[in-house]
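Scroll down for the structure; my scribbles are underneath it.
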4 protein chains.
Amino acid sequence: MKLAVLTSGGDAPGMNAAVRAVVRKGIYNDCQVFGVREGFRGIIDDDIIPLQLGSVADVIQRGGTFLRTARCEEFKTPQGLARAIANLRRREIEAVIVIGGDGSIRGAQALYEGGITAAAIPGTIDNDIPATECTIGFDTAINTASAAIDKIRDTATSHQRTFIVELMGRHSGAIALAAGLAAGAESILVPELPYDLDEVCRRLESGRSRGKLHSIILVAEGVASAYEVAAQLKKRTNQDTRVIVLGHLQRGGSPTAFDRILASRMASEAVDLVLAGKGGKLVAVQNGRYTNVDITSALAQQSSFDIEAFKLAKILSI
Amino acid sequence: MKLAVLTSGGDAPGMNAAVRAVVRKGIYNDCQVFGVREGFRGIIDDDIIPLQLGSVADVIQRGGTFLRTARCEEFKTPQGLARAIANLRRREIEAVIVIGGDGSIRGAQALYEGGITAAAIPGTIDNDIPATECTIGFDTAINTASAAIDKIRDTATSHQRTFIVELMGRHSGAIALAAGLAAGAESILVPELPYDLDEVCRRLESGRSRGKLHSIILVAEGVASAYEVAAQLKKRTNQDTRVIVLGHLQRGGSPTAFDRILASRMASEAVDLVLAGKGGKLVAVQNGRYTNVDITSALAQQSSFDIEAFKLAKILSI
Amino acid sequence: MKLAVLTSGGDAPGMNAAVRAVVRKGIYNDCQVFGVREGFRGIIDDDIIPLQLGSVADVIQRGGTFLRTARCEEFKTPQGLARAIANLRRREIEAVIVIGGDGSIRGAQALYEGGITAAAIPGTIDNDIPATECTIGFDTAINTASAAIDKIRDTATSHQRTFIVELMGRHSGAIALAAGLAAGAESILVPELPYDLDEVCRRLESGRSRGKLHSIILVAEGVASAYEVAAQLKKRTNQDTRVIVLGHLQRGGSPTAFDRILASRMASEAVDLVLAGKGGKLVAVQNGRYTNVDITSALAQQSSFDIEAFKLAKILSI
Amino acid sequence: MKLAVLTSGGDAPGMNAAVRAVVRKGIYNDCQVFGVREGFRGIIDDDIIPLQLGSVADVIQRGGTFLRTARCEEFKTPQGLARAIANLRRREIEAVIVIGGDGSIRGAQALYEGGITAAAIPGTIDNDIPATECTIGFDTAINTASAAIDKIRDTATSHQRTFIVELMGRHSGAIALAAGLAAGAESILVPELPYDLDEVCRRLESGRSRGKLHSIILVAEGVASAYEVAAQLKKRTNQDTRVIVLGHLQRGGSPTAFDRILASRMASEAVDLVLAGKGGKLVAVQNGRYTNVDITSALAQQSSFDIEAFKLAKILSI
């Protein structure tokens, strides 16, 4: 079987480990494996290269994605999709494994509906795909974020200051919640819950009355910019705060062991799927086990927010 | 309620995060919380201190355990146990939360059978408690190990050498398997499987015939010492190898985000258990969810080895 | 001799190592050592605590400063200074060792002129004290910055984007230059040189014509905000860029080996100075050797910019 | 000018940064640059490849050496040297820059005496080249070692144990001294000083009498094996200790900012030397400044041990 692999959307640490596993497990099963460069754009532009065992040597520990990634509007048009499928057919590539987030998973479904055995692997630091308990890159991102907060705390304590740290998460507070629980942040603002600055102020006050003179407030970017929060706090409490926007720092870095293992195992499942001729599937972790779900049903699921963990974070940072 | 917490057995990164969560959630629920120093020995010697909210400030990110730990033979005798229980009663401590491995969990059960509401939290880098999918410290240990292997690979590649790395695991290959999968080790020797040096040699040969001139062989300490493996390889292949024994390096270091969160949540479950008067329980993760099991049934379970992951590690390191 | 130590100004990693060395070397030489909390404010407020050998156990590896730090306007007034000196006299503290930047060194001189044997240790991440080749914290800061740039490069390469990274340095490009040389940044903008956006554009163009599709531009905060630079680049080249402001992340973290050794040795020199009754001195590294200079002459020196290193950074990032 | 670069001897973090700088500065100066693989063996075997600007993209942050390294006995024979020089002449390579330790520097001198414009850059983690204050890789190695000791201390404190840590250094205690000063080790055993186990025991006793129940003893491999030291301590004090041998872990890892800058600047100096036709030179740091010395005089210098730093380490770890 001829099998292609691509990474799409925002890059996530562990994507290289997933590509490596697709290539090696594919070749182990007598596939010819190809790499598509820069996501779906590479199919349209026929930017496709053969990958051997050695092509993925020494990449498991690297951040980013050596196949590169891009957003591609053209692929979303009927013409773009047709051209992509024509290119795959001409090269006799029967199966495509797509690694990426929400939009990338939709792209895999489009290829599948066009007759390609396409499967998707959830790779996004946001952990916002409801059908799976973990996505590749999230564990690395929360370690990067909590290590950054550990550093900020050194300075916050030394100067007895309040810091407001803006983390990624347009629609999801998953990173902010996990990083906040891991780093002991005093307040966490997430898009899934009402934005309650009163409570932040109350917690600042009660901390101060206990003798705690520094504080870390996390805010997911979907809630507000950290600068806005700082301005509002200044107005209410007349307290100066410092702002840090972690931004793209959260995307990079060598993947954690967890993400490398997750990527390797999800890629193995994906290869099994396409070898069995099963397209239109998303690899997932459910109840702690590797499994797969129809992409259509996966994308219909509502995301849920772990309110228990959120309440615990509050109790533990009193 | 008066509630005590202790850490026992080998130290594991995340134990401090667990103690912090017991203290804060306990106080939040109007408990008086005490810390026992140096494990069960501290109960016998009445080395018990009150812990406040501030006692656990700035410990979530620290390795080791500030309550310290020790092995205690006396506690295993009827006299030792009786003395421990008498001390707890005199102080009116009704509940004890024990954080540690196999032996520590047994100790919690002994207290429970003596009338104390004792619950256990699995804290050991070995991940060898069959009743739970994760134990506190394992994630940090495999990150430490795979980061070390990443460094060793720099030198192995530069000099085209074979390295044999000995990892912890007397009865369990869990660390070796996870670190090997994460770091792309060429061979992994674990106590759960027959010790097959022939295959190691075959893999070395086949790698060399593909032009691969370096190799990393992992060996769990329960299989053999890395020095022994090196001597045997030398005999068979006349190839010189280099040996690294990671040893206690795997125990230390700031816990990962995963271990901090796991520790916090398990501790929260444990406090809920003792508040509800439920002793003799082990907090566990099963099917990816927080739950608890009777210690007696937990200890009766057989450990299993993830043979799928092991086979995958082989396929991916060809 | 009664000897006090304080940290002042912005915190810098290694300050704890310096305080530890003052305490231990002081006690070794039969001094009684005191810690002043929150910089010069602590002298004025008599917030002074005795420090023993054990007070500085387990602090050498910690970021920030456990004595805390603050800016203190009152100390700059004759009344404030008089009160500070009166407090020291009442406690019979003859000598004070001040760890901090520019303003803190001036404060040490003020104490010295008031009759106290005061010496200063340069502790600032900015490395902007012309009389010494190194200051405590700089090495850690440039490692933090270059590690961050390594991460950003993962994403820049994966997406073929240009990133603009703002680093600390109001009047000094030392951090930007060192981090840029270490991380291979394509352009570095420093306050010591004219702000030449034309050249940045030329380098972007020439890189692109060589097939290089990503780029990292560093800007010291004293030049312009990274957002401004991004807006100007957009105007000229119509290219979208991403912005990261490292900010206070550069202050925190466990000090590097270099900073711990530098801090320990500088502190040792400072204790020798005050034991010998020599006040008004700044400990320094000159020509690679530990020495000391009169604070008055130190503060008169003009800072110089390492133009050779700057030119080299350009050549190496073609 | 045709210019070749090679890395030889033990690998050291920063060698890649040095090769990158030779290549880019060489090309900037209109040289044609070649890379020799696996040290001097590659000249003899004519394993020489052209290097372009892009050949050294994305290597500055990598440990090890992508040109690989090896020891080569044949090069030390007149026949081997003659063959090497013949190969260089045939390719019209006039200049060779050698990056490595003691033996590699001698090799550069041999090439120079054979008529090649050869210069050497000190690259070794041991910092044992007396003519220069720093060698490439040392700063990374002491950071790796002190970070490892930080981790070991977590466990040592938790269990109140004594650890004996064996560090690299056959003839030089430089790594042990620097890591010991940086990590606050209680005792440091180096080959430059008499091996005095009595003092180690005294320090253990005095620590214990102060209530300090854990201790870290560093031993450079040239003094004794850590296992031997452990056995002797056991005999004298009946105290059990734990042993860690850091070994090749000290060689690997991403170079620190210091080592990347040092490597880049030394390489720049080396290119300047060979462009000026000056062979037989070693690039060095003296009095904190970049300079160069005749290899013959450099190799004649006696190494000295920093006894001041050693005494300070003792005072600070009481």
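General observations
- Residue check, C:A178 within 14 Å of chain A (Cβ to nearest Cβ), assigned to a helix (DSSP H, G or I) and under 30 Å from C:T296 (Cβ atoms): no
- In the range D:48-102, residue surrounded by the most Cβ atoms within 10 Å (Cβ to Cβ) [restricted to those that are among the charged types (D, E, K, R) and within 14 Å of chain B (Cβ to nearest Cβ)]: D:R68
- When B:E192, B:E113 are screened for being in contact (Cβ under 8 Å) with a residue 24 or more places away in the chain and in contact with a Phe, Trp or Tyr (Cβ under 9 Å, 6 or more places away or on another chain), only B:E192 passes.
- Residue match in the range B:32-51 (condition: in the same structural domain as B:L273 (by TED's automatic domain parsing), within 25 Å of A:N143 (Cα to Cα) and part of a strand (DSSP E or B)): no
- Filter pass, D:N87 being more than 15 Å from D:K281 (Cα to Cα), under 12 Å from the mean Cα position of the chain (by Cα) and assigned by TED's automatic domain parsing to the domain that holds D:D294: no
- Of all residues in the range C:144-170, those satisfying the criterion of being touching a residue at least 40 places away in the same chain (Cβ under 8 Å), under 17 Å from A:I244 (Cβ atoms), in a helix (DSSP H, G or I) and of a type in the set (A, V, I, L, M) are C:A145, C:A148, C:I149, C:I152.
- Scanning the range B:297-318 for residues that are away from chain A (no Cβ under 12 Å) and loosely packed, with under 13 Cβ neighbours inside 10 Å yields a total of 6.
- When residues of the range C:275-293 are limited to those that are within 25 Å of C:I27 (Cβ to Cβ) and free of Cβ contacts under 8 Å to residues at least 40 places away in the same chain, the one farthest from the other protein chains (Cβ to nearest Cβ): C:A276
- Filter pass, C:S187 being touching a Lys or Arg at 6+ places or on another chain (Cβ under 6 Å), away from every other protein chain (no Cβ under 11 Å), crowded, with 24+ Cβ neighbours inside 10 Å and more than 24 Å from C:V293 (Cβ to Cβ): yes
- Of all residues in the range C:260-274 being more than 16 Å from C:C134 (Cα to Cα) and within 12 Å of chain D (Cβ to nearest Cβ), the one that is surrounded by the fewest Cβ atoms within 10 Å (Cβ to Cβ): C:D272
- Check on B:G207, among the small types (G, A, S), crowded, with 16+ Cβ neighbours inside 10 Å and more than 31 Å from the chain's Cα centre (by Cα): yes
- Neighbours by Cβ (under 7 Å, 6+ apart or cross-chain): first from the range B:87-109, under 22 Å from B:V23 (Cβ atoms); second part of a loop (DSSP other than H, G, I, E, B) and among the charged types (D, E, K, R): B:N87/B:D46; B:G101/B:D126
- Scanning the range D:72-125 for residues that are closer than 15 Å to D:D45 by Cβ, hydrophobic (A, V, I, L, M, F, W, C) and part of a helix (DSSP H, G or I) yields D:F75, D:L81, D:A82, D:A84, D:I85, D:A86, D:L88.
- Among the residues of the range C:126-143, at least one is in a strand (DSSP E or B), crowded, with 22+ Cβ neighbours inside 10 Å and within 14 Å of chain D (Cβ to nearest Cβ).
- Residue in the range B:209-222 that is under 20 Å from D:A70 (Cβ atoms) and at pLDDT 90 or above present: yes
- Out of A:L218, A:L213, sole residue that is surrounded by fewer than 16 Cβ atoms within 10 Å (Cβ to Cβ) and of a type in the set (A, V, I, L, M): A:L213
- Residues of the range A:17-35 satisfying the condition of being within 14 Å of chain C (Cβ to nearest Cβ) and touching a residue at least 60 places away in the same chain (Cβ under 8 Å): A:A17, A:A18, A:V19
- Residues of the range B:111-125 classified as buried (at least 24 other Cβ atoms within 10 Å of the Cβ) and either polar (S, T, N, Q) or within 19 Å of B:T256 (Cβ to Cβ) (or both), total: 5
- Remark: pairs (first residue in the range B:240-259, more than 7 Å from chain D (Cβ to nearest Cβ) and under 14 Å from B:A179 (Cβ atoms); second residue in a strand (DSSP E or B) and modelled with pLDDT of 95 or more; Cβ separation under 6 Å; 6+ apart in sequence or on different chains) = B:L246/B:L167.
- Condition met for D:S104 (under 13 Å from the mean Cα position of the chain (by Cα), hydroxyl-bearing (S, T, Y) and in the same structural domain as D:A17 (by TED's automatic domain parsing)): yes
- Hits in the range C:8-41 (condition: among the acidic types (D, E) and under 18 Å from the mean Cα position of the chain (by Cα)): C:D11, C:E38
- In the range B:1-16, the residue that is farthest from the other protein chains (Cβ to nearest Cβ) out of those that are buried (at least 24 other Cβ atoms within 10 Å of the Cβ) and outside any loop (DSSP other than H, G, I, E, B) is B:A4.
- Cross-chain or 6+ apart pairs with Cβ under 7 Å, the range C:62-76 first and farther than 11 Å from C:G10 by Cβ, then surrounded by fewer than 17 Cβ atoms within 10 Å (Cβ to Cβ) and modelled with pLDDT under 95: C:R68/A:Q160
The values are calculated or read from the model by the stated rules, or taken from the named source; none is laboratory data. It should be emphasised that the depicted structure is a prediction, and the values quoted were computed from it without experimental measurement. Because the Cβ atoms are built from the backbone with ideal geometry, glycine has one as well, and the counts that use them run over all protein chains shown.
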